[in-house]
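Novice: A single structure is presented below for examination.
The values are calculated or read from the model by the stated rules, or taken from the named source; none is laboratory data. From a predicted model like this one, the values you see are computed outputs, not experimental measurements. All Cβ positions, glycine included, derive from the backbone under ideal geometry; neighbour counts span all protein chains shown.
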């Protein structure tokens with residue numbers, strides 16, 4: 001049976017997701033600097049970009065926090081056993097209409 005450390009899995013996943021978020025945040029900050037004082041619509045959109053990046057970061061943190069107990073219990077499952085239904089449900093849950101609206105508006 002292969003052993004894994006849930007904290008290592010979560011840390012690796014978090015790192016892989018945060019890396020592009022950090023790049024997007026840096027690019028947004030750069031665009032903000034080079035467009036300062038120009039069209040207020042540009043500044044408004046850059047502010048929205050910062051907000052959406054922060055929301056994605058918070059969503060990632062919340063998801064990792066929710067999944068931690070499931071991964072800890074998975075350590076004791078036999079290799080090849082299917083994941084707990086609650087984990088599958090959490091990972092495949094579609095965005096709510098409110099969440100979709102915040103992304104598309």
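Novice: Out of everything in the range 1-37 that is assigned to a loop (DSSP other than H, G, I, E, B) and out of contact with any helix residue (DSSP H, G or I) (no Cβ under 7 Å at 6 or more places or on another chain), what residue ends up being modelled with the lowest pLDDT?
Specialist: 1
Novice: Is it fair to say residue 98 is modelled with pLDDT under 65 and not in a helix (DSSP H, G or I)?
Specialist: No.
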